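Novice: Structure in structure tokens, see below.
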Amino acid sequence: MIIRQSSIELIYHGVNITDNIKNDLKSISYTDNASGAADDISIELKDDIGKWINYWNPKKGDIINPFIKTKNWRSEGDAQLFDCGIFLVDEVSYSGRPRTLSIGAVSTPKNNDFTNTPKSKTWDNASVKKIAQSIAYNAGLALYFDSSINPIIKFIEQSEESDIEFINKICKNNGLAIKVYSNKMIIFNEYEYEQKKEVATIKESDMLSWQAKTTYTDTGYDACKVEYTDPTSGQELVYMYTIPNRVPIKVYKVNENVSSISEAKILAKATLREKNKNETTLSISLMGNLNLVATQTIIISDLGVFNGKYYIDKISHTLGSGFTTDLDMHKVLEGGY
């Protein structure tokens, strides 16, 4: 009988400590977010003899690089090694009895200036990519810009905001998504990623558990109306985008600083996507699966009205007494809105 095996290899500050933790490891969970939040890991270790609370205690800012390993998982002789990325220890806590150490780590850069320092700066006639390049460089990150659109912003002010808050807002308002992974800032077009070919078909019988939901609260909008009044000139700008072939019955309103009708149109479309993608969502739990990552699309079948193409917003791998993979997804929007 083939025995499936799953395990963790852990590099801590450049040193492989896998053998040091294997007898103490209770569980490890890795969460891969498509955008909007940092990836994170949580590690739980037992500390029966007190080594972790004394001379081996981890420090905030320590660098961790975990790998998930499987053997005979998909078939006999099959082996996988999955690189979860580079993380910084963000939180260390202990509890008892029995004594346990919990380590939380995130994928944000070590440069605290990027996440914590409020800044003020103005930008004129700058593209999203140009602004992102400047912010990434200051944070010590490489920029990977993967979008066919690169909007030009006539004027925008960073007002007592951290760099991560500012670039997150810019991306959100311009229909782009952002994540930080292994010392890279990745900016991409979520709609374009939704159009990519699905990587797998998952049937209801493949799922350990699932939860599907359709809601109309703060979603399912037909149109988005942007209204902005310039505080200096008093000039009012009003624009409404309606989804093609829809009657604008349910309209979402936005009051945001925009300099032109073209900027208002981009904001309206981006806002509609962000709101409407929450209309149909699905969460599933599977036997551990290292072939799936956030931003991919899959087909769901044998689930009735919830069948169709879904985009993976978040995926979590958890190893403890077993190995499971949990997915949070939204149904791909017809026409993008």
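The values are calculated or read from the model by the stated rules, or taken from the named source; none is laboratory data. This structure is a prediction, so every number in the text was calculated from the model and none was measured. Every residue, glycine as well, gets a Cβ built from its backbone with ideal geometry; the counts of neighbours run over all protein chains shown.
So that you can scan it fast, the table gives a plain yes or no per residue for (1) on the phi > 0 side of the Ramachandran plot; (2) free of Cβ contacts under 8 Å to residues at least 60 places away in the same chain; (3) of a type in the set (D, E, K, R):
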position: 127; (1), (2), (3): no, yes, no
position: 132; (1), (2), (3): no, yes, no
position: 145; (1), (2), (3): no, yes, no
position: 153; (1), (2), (3): no, no, no
position: 165; (1), (2), (3): no, yes, yes
position: 172; (1), (2), (3): no, no, yes
position: 188; (1), (2), (3): no, no, no
position: 198; (1), (2), (3): no, no, yes
position: 206; (1), (2), (3): no, no, yes
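Novice: Among the residues of the stretch 152-188, which ones are surrounded by fewer than 19 Cβ atoms within 10 Å (Cβ to Cβ) and assigned to a loop (DSSP other than H, G, I, E, B)?
Specialist: The answer is 162, 182, 183.
Novice: Has the stretch 235-247 got any residue that is under 26 Å from the mean Cα position of the chain (by Cα) and either assigned by TED's automatic domain parsing to the domain that holds residue 34 or surrounded by 15 or more Cβ atoms within 10 Å (Cβ to Cβ) (or both)?
Specialist: no
Novice: Tally time: how many residues in the stretch 205-234 are touching a strand residue (DSSP E or B) at 6+ places or on another chain (Cβ under 8 Å) and surrounded by 15 or more Cβ atoms within 10 Å (Cβ to Cβ)?
Specialist: Matching residues across the stretch 205-234 total 12.
Novice: Also: Considering (1) β-branched (Val, Ile, Thr); (2) assigned to a loop (DSSP other than H, G, I, E, B); (3) surrounded by fewer than 16 Cβ atoms within 10 Å (Cβ to Cβ), say which one residue 258 fails and leave the rest.
Specialist: Just one mismatch for residue 258, condition (3).
Novice: Which one is modelled with the highest pLDDT among residues in the stretch 118-175 that are of a type in the set (Lys, Arg) and under 20 Å from the mean Cα position of the chain (by Cα)?
Specialist: Filtering the stretch 118-175 for residues that are of a type in the set (Lys, Arg) and under 20 Å from the mean Cα position of the chain (by Cα), the one modelled with the highest pLDDT comes out as 129.
Novice: While we're looking at this one, here's another question. State whether the residues of the stretch 289-298 include one that is touching a helix residue (DSSP H, G or I) at 6+ places or on another chain (Cβ under 9 Å), crowded, with 18+ Cβ neighbours inside 10 Å, hydroxyl-bearing (Ser, Thr, Tyr) and assigned to a helix (DSSP H, G or I).
Specialist: no
Novice: Separate question: It is to be established whether one or more residues within the stretch 101-108 are modelled with pLDDT under 95 and closer than 20 Å to residue 188 by Cα.
Specialist: Within the stretch 101-108, one or more residues are modelled with pLDDT under 95 and closer than 20 Å to residue 188 by Cα.
Novice: Is it fair to say residue 198 is in a loop (DSSP other than H, G, I, E, B), surrounded by 12 or more Cβ atoms within 10 Å (Cβ to Cβ), touching a Phe, Trp or Tyr at 6+ places or on another chain (Cβ under 9 Å) and among the acidic types (Asp, Glu)?
Specialist: Judged against the criteria, residue 198 is a match.
Novice: Next up: I'd like to verify a number: residues in the stretch 261-288 that are surrounded by fewer than 20 Cβ atoms within 10 Å (Cβ to Cβ), of a type in the set (Ser, Thr, Tyr) and touching a residue at least 40 places away in the same chain (Cβ under 8 Å), how many?
Specialist: Residues that pass the stated criteria total 3.
Novice: Among the candidates 148, 134, single out the residue that is outside any helix (DSSP H, G or I) and either over 22 Å from residue 262 (Cβ atoms) or among the small types (Gly, Ala, Ser) (or both).
Specialist: 148
Novice: Next question, about the same structure. Taking strands (runs of 3 or more DSSP E) that do not extend beyond the stretch 33-117, which have at least 1 residues that are surrounded by 13 or more Cβ atoms within 10 Å (Cβ to Cβ) and of a type in the set (Phe, Trp, Tyr)?
Specialist: 63-71, 79-83, 87-95
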